[in-house]
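Below you'll find the structure, written out as structure tokens, and then a few comments.
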Amino acid sequence: MTKREKIILAAMAVAIIAGTPYLLLDRESKVVPAAVRPDFKPPHDFVNATAEALKKTALTEAQTHILEMASVEWKSDPFLGRKLAAVKPQAAGAGEILKAFAYTGFVIVGQSRLAVINGMEYEVGEVILGSELLVQAINPQNVTVKKIGGRESLNIPFTGEVLR
């Protein structure tokens, strides 16, 4: 056995001997149980208080049903095995398209321009999420978009607040 191997084995023996008391003697948990802690308010107390407050308000039949179903355990996961996808808009006119999108932000970062449309940032050449519209140009006053494969361009006007 080489000198290096002897040093490694000695270090391992020291670590085992030093660690054994910590492993064997530290079996007790130092965490105070919830029932003992006076400052701990269990979540079910919050749920019960919220349920009582909701009973005092005037809820519709649908809202009452939703609240009742929220507390029932599901038999199976309703999303398991389903493919979730963005809803594709129906064929709509220019007016309906403009109403569906809110251009609320404009940012210039270096040489690139960003437009905030429906809370998402887009650059020129990107497709707007959930639609078939391609961003053609970004200006402080409006964003020019067109349908993919289409020829007609539409302008989405700026509807955000101007900050200076």
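Observations on the structure shown:
- Counting the residues of the range 116-158 that are within 25 Å of the chain's Cα centre (by Cα) and either in a loop (DSSP other than H, G, I, E, B) or at pLDDT below 85 (or both) gives 9.
- Test: residue in the range 76-93 that is more than 30 Å from Leu134 (Cα to Cα) and at pLDDT below 70: yes
- Candidate set from the range 41-63 (those that are at pLDDT 80 or above and surrounded by 11 or more Cβ atoms within 10 Å (Cβ to Cβ)); member that is farthest from the chain's Cα centre (by Cα): Ala49
- Positions within the range 141-154 being exposed (fewer than 13 other Cβ atoms within 10 Å of the Cβ) and under 12 Å from Ala115 (Cα atoms), in sequence order: Gln141
The values are calculated or read from the model by the stated rules, or taken from the named source; none is laboratory data. Just so it is clear, the model here is predicted, and its values are computed rather than measured. Here the Cβ is made from the backbone with ideal geometry for all residues, glycine too, and neighbour counts use every protein chain on show.
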